[in-house]
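Below: one structure, written as structure tokens.
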Amino acid sequence: MISTKALSGCAATGRAEVAGGASDVPDPVGIFAERTLIHFVLLISRQGKVRLTKWYTPYQQKQRNKVIKEVSALVLDRGPKMCNFVDWQGYRVVYKRYASLYFCMCIDPTDNELETLQIIHHYVEILDRYFGNVCELDLIFNFHKAYFILDEVLIAGELQESNKKAVLRLVTAQDTMVEAAKEEASSLSNIIAQATK
Amino acid sequence: MEQLRTIGRELAMGSQGGWGQSKEFLDLVKSIGEARSKAEEDRIIARELEHLKRRLADPDVPRRKMKELLLRLVYAEMLGHDASFGHIHAVKMTHDESLPLKRTGYLAVALFIDERHDLVILVVNTIQKDLRSDNYLVVCAALTAACRLIGEEAMPAVLPQVVELLAHPKEAVRKKAVMALHRFYQRSPSSVSHLVSNFRKRLCDNDPGVMGATLCPLYDLILEDPSSYKDLVVSFVNILKQVAERRLPTSYDYHQMPAPFIQIKLLKILAVLGSGDKQASGHMYTVLGDIFRKGDTTSNIGNAILYECICCISSIFPNPKMLEAAAETTSKFLKSDSHNLKYMGIDALGRLIKINPDIAEEHQLAVIDCLEDPDDTLKRKTFELLYKMTKSTNVEVIVDRMIEYMINITDHHYKTEIASRCVELAEQFAPSNQWFIQTMNKVFEHAGDLVNIKVAHNLMRLIAEGFGEDDEGADSQLRSSAVDSYLRIVGEPKLPSSFLQIICWVLGEYGTADGRYSASYIIGKLCDVAEAHLTDDTVKVCSHILAPISFVTYFGLFLSCVLYTEAYAISAILKIIAFEIARGRKIDMLPECQTLVDELSASHSTDLQQRAYELQALLGLDKHAVESVMPSDASCEDIEVDRNLSFLNGFVQQALESGASPYIPESERSGVISVGSYRSQEQHETSAHALRFEAYELPKASLPVATAQASMSMPTTDLVPVSEPGYYKEDHQTSRSQPSGDSLSGEFGVKLRLDGVQKKWGRPTYSSSTPSSSTSSQQATNGGSHSDGGGSTSSHTRESSYGSKRQQGTEVSAEKQKLAASLFGSSAAKADRKAQASRKTAKESPLSEKATVTNATPPPIKEQLTPAAPPPDLLDLGEPVSSSAPSADPFSQLEGLLGPASATPVVSETPATVSSQTPDLMSIFSDDVQTGPSSGSTEPTLGDSSLKNSQKGATAVASKKGPSLQDALQKDATARQVGVTPTGNNPNLFKDLLG
């Protein structure tokens, strides 16, 4: 018994639409009916501004906007005491608020919601270590770094690495190379700038 | 670690003092941040996109600048704008030599496009090259991109390299290679199936990270075929044991739990392997018991593991001791104050009652609390639980509740789901026919257009066929009660059309059957319906309902059910008139009916026209003829359909003999052949366009090239049906539904495509048989429980008590007990006792919870173990247990930040000067940002930092905030240079996310 939903979500059929995936509601009774997969990650501010989006199942741009609108309306509407999970189109969105930023992950309804909540926290902790007391502004101006780190934490919708140090080591190694290249480039561009002046 | 902590910040800040981006970019982000409306934001982005379009097309832009432009493009697309013109530039950047640019290119490409996109072709070659790179970081970047971008058709190009990388010296590469291979397997199991043994090998990897990653593909593989992995049970159990015993490096610890994510994955795997396997389950009990014993119910992650443990236990061969432990943990969840844990508890309960239904009784009040909770998520989860525990004794209460909830929600998706659940439960457990009809009426009234059309047909059939072996009298009684209720309802406005159709049909068949209503009365009602729906868009509604449903199953149904409501109405009128004529009574045509018939006979729909003319023709027939045309109550009689039209054989034969040309099936006619050849030509073209993944520079390696091409040609043929446009599919659909569809197989290309279509759509075909079986079983249960009359009385009591509850809040507990009794217990006395008992426990539970709260005191422990992390002020919003500062609610502090006025009371400990200064600072910054950093940056940062300090609450230890203070200062300074100020409209931007 393999999930047709998750598969159709991945398959290159071009039919993996939101509605298509959601219409055949998975059997929530059977435990094995579903793969466990994070479908997308969404960071939105309290004002509903998008700070980061990462899609692990294919969505068209139009669908993405719709999804963002729906999910943020759902999530921002919820009270502080309510649980951190919310049903959306047959999927489950797990969210957590940090300061004024909501971290949301969309999972299959059969997955372990508490675990996903901790994956979010894991990610935030890594961001925190990387930026040193991360704040929303860091993520606004360095959204690409947030993406790079996310790529080390999650891959293809699955948790890739649960070791914070390993993630940070890899990201830093990449950054050092970036930095080296940056210096090189900036010295070059300085020369060019001076030459053109 | 300290090094790592700061290096990120330094790097992030960059050498230019900003966040490493140019002024332009920072300005963009800033202006977006300050945009007051979505329209303004859209304008800014539109301008930015114009600008980017120009700049990206400029060949003289330096490469480094290019990187930034690309990031700005990512930013624009993230905000929901179309930046597709720049996708090609992202692709180009992946070709770049330098890693930073390449990495940005890959990032952008992976964000912009997925494997279905045309541009992927241009990236595949680069990925392939990069996978061979000496630099492991390049390989990592390529593997990450491959996970997103490599679809089935490009897979053969990279597969060999990915497999090679499984043995790479760097663990990061091995791990990503495992995940990439896993992703490939998910996309196309057949292309990777010969490589799955690699996953087994990687399970023994020295690096726990790689081992952990390997569990993901293994989980999928085991889900598909548990039996071939039974040999790994002992290994998995051993790994889990070692993990639980903290044998992994401490860097895998998470909140003092040893590698919890790996534990959870292992538990998921064990749940599958132990399901229905006593022997395999036997290996697991010890380690599961260990995990329960060590379970930590004070942390989220501890609870996540415990929950997974419960799932595992409820799935493997049951063991009483384990079940006891699971039930105990479940009750802890349910008694918790945290909504999250209650939710998990309800879910866990739903799993456990499948093994032992009695477990639920203990928690009845907790369940009812969750059911009445204002939190929708919790409520829905509870409905799911109730759905699972529905029996014939409690079906009325549960379904009533569900319908009550269903009426009030607007979420279409969930409404559909809960409506279909109501229908399912009603069909399965209905205590009486009366109740069943009433329930269905309610469902149709409120969610008619969301319910599967099959349900409507089922209901009609049910009314027509009666309920099993019962005597005719009961059936006709049922029908007249249905007619009664429909006549009551039919006048209401805005009834869903599927419901109206049922009403029309039932009124037509049985409206005059018992003689209580006159034919003209019913005809009048039906005319009203038809009049009201002359402009109805039933067709649209129907297609809307049916479109998402599997096409194959419903295609035939679709054609037959695209009927206007008027069509139902006119046919119903026709029937009534026919019955009247058959009874020998005189029919006088009502004027409104006559106008309706006139109107319909000029309708655009030929179907409506035909029905109208049929009605007129019928009026002219005599009694005998009408009786044979429209026999009374004959809806259940089978009509034999000769699909081969064999009765025409003689005629055909005669025609052939007299020289007519024989019939040629449509598919064999010349037109189709030309289409077919056109298609095969197209197919040829696609294969000509196919990718050449092999590099050109190796002429000597002719053999591998040849094999690669050979292997490539297969996927390309497979590819074709995928890229085939939608109308072809429909075409095949129709031809498949025709009996002569087989003849299509004559043409090779067509047959191939058809196979593809069948494969893709084949499965749902079998689902059509289920409804009939369910109805038959439901009929059986109906027959069995027909004598059960007590149900309706209990629902009455419930309803009355519900009414009283609305008036008085004090009787809530009594009401709950009653509800509990009706949900859980069968005999009243038992339920009462139970309810009292559980009320006792409910009373006790706050006490015990308090005890755990005082016992827990997690904040000091946390600080000890992770000294780097500041006290959890924001972190623990969701965890009431570990809130560190009892005096100050972190949330109110946070809210206080939004408005400066409300922030002041929080700043009780800071000097008064600061609080008085804050407004001044604000005015400074709102006036002019660019006044120069000399005067602006020193004082304000001080003020801000103290503000920040005050946010931390009284418990914040000053020394601990040392580095963060510095960070904050630095960050604020940079922010000001950019021009973003904490006094802007969103000071929260500066708030540390993690306390």
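Leaving ligands and nucleic acids out of the surface, order B:Ser498, B:Ser476 by accessible area at 1.4 Å, largest first.
Numbers: B:Ser498 10, B:Ser476 55 Å².
From most exposed to least exposed: B:Ser476, B:Ser498.
Checking the a/c ratio against 1.5 first, then a/b against b/c, what shape does the Cα gyration tensor give for the range B:251-379?
Numbers: a/c = 2.12, a/b = 1.25, b/c = 1.70.
Oblate, because a/c is 1.5 or more while a/b does not exceed b/c.
Ignoring ligands, DNA and RNA, what percent of the accessible area of the range B:60-132 is carbon or sulfur (1.4 Å)?
Working: 1310 of 2420 Å².
Heavy-atom surface of the range B:60-132 belonging to carbon and sulfur, 1.4 Å probe: 54 percent.
Note every residue of the range B:101-128 with a reduction of at least 30 square angstrom in accessible area, all protein chains present versus the isolated chain, computed with a 1.4 Å probe, or write none.
In the range B:101-128, residues shielded by partner chains: B:Arg103, B:Leu107, B:Leu111, B:Glu115, B:Arg116.
Residues of the range B:217-248 losing 10 Å² or more of accessible surface, assembly versus chain alone, probe 1.4 Å, please list them.
Residues shielded by partner chains are B:Tyr219, B:Asp220, B:Leu223, B:Glu224.
I need two numbers for the range B:54-159: Rg to one decimal and Dmax as a whole number, Cα atoms only, in Å.
13.2, 38
Ignoring any ligand, DNA or RNA, what whole percent of the accessible area of the range B:218-370 comes from carbon and sulfur when the probe is 1.4 angstrom? Write out the running numbers ahead of the final one.
Numbers: 2600 of 5270 Å².
The nonpolar share, carbon plus sulfur, comes to 49 percent.
Quick check: the distance between the Cα centres of the range B:160-231 and the range B:36-113, to the nearest angstrom?
34 Å
Leaving ligands, DNA and RNA out of it, work out the accessible area of A:Glu152 with a 1.4 Å probe and give it in Å² to the nearest 10.
10 Å²
Using alpha-carbon positions, what is the distance between the centroids of the range A:36-56 and the range B:451-529, in Å?
So the two Cα centres are separated by 49 Å.
Just to be sure I understand the interface: list residues from the range B:343-376 that lose 30 Å² or more of accessible area between the chain on its own and the complete protein assembly, 1.4 Å probe.
By number: B:Tyr343, B:Met344, B:Arg351, B:Lys354, B:Asp375.
So what's the gap between the Cα centers of the range A:102-144 and the range B:245-266, to the nearest angstrom?
Taking the Cα centre of each part, the range A:102-144 and the range B:245-266 sit 19 Å apart.
Sorted by accessible area (1.4 Å probe), largest first, how do B:Glu115, B:Glu164, B:Glu492 line up? Numbers along the way, then the final one.
Values: B:Glu115 5, B:Glu164 135, B:Glu492 85 Å².
Putting B:Glu115, B:Glu164, B:Glu492 in descending order of accessible area: B:Glu164, B:Glu492, B:Glu115.
Ignoring ligands, DNA and RNA, how much accessible area is buried between chains B and A, both sides summed, with a 1.4 Å probe, to the nearest 100 Å²?
Working: alone 51370 and 11520 Å², together 51510 Å².
So the total buried area for this chain pair works out to about 11400 Å².
Checking a compactness column here: for the range B:191-302, what do you get for Rg(Cα) / (2.2 N^0.38 Å), N being the number of residues?
Numbers: Rg = 14.1 Å, N = 112, 2.2 N^0.38 = 13.2 Å.
Taking N as the residue count of the range B:191-302, the ratio is 1.06.
Can you sort B:Tyr486, B:Tyr136 by 1.4 Å-probe accessible area, starting with the largest?
B:Tyr136, B:Tyr486
Does the range B:439-489 classify as rounded, prolate or oblate by the C-alpha gyration tensor (a ≥ b ≥ c root eigenvalues; a/c under 1.5 gives rounded; else a/b over b/c gives prolate, otherwise oblate)? List each step's numbers first, then the result.
Values: a/c = 3.24, a/b = 1.54, b/c = 2.10.
Oblate.
Classify the range B:413-519 as rounded, prolate or oblate from the Cα gyration tensor: take a ≥ b ≥ c as the square roots of its eigenvalues, call it rounded if a/c is under 1.5, otherwise prolate when a/b beats b/c and oblate if not. Don't jump to the answer; show the numbers that get you there.
On the way: a/c = 2.22, a/b = 1.29, b/c = 1.72.
It is oblate, given that a/c is not under 1.5 and a/b is not larger than b/c.
The values are calculated or read from the model by the stated rules, or taken from the named source; none is laboratory data. Bear in mind the structure is a predicted one, so any value in this text is a computation, not a measurement. When the accessible area is computed, the model is the full protein with side chains, heavy atoms only, and any ligands, DNA or RNA have been set aside. Shrake-Rupley method; radii C 1.70, N 1.55, O 1.52, S 1.80 Å.
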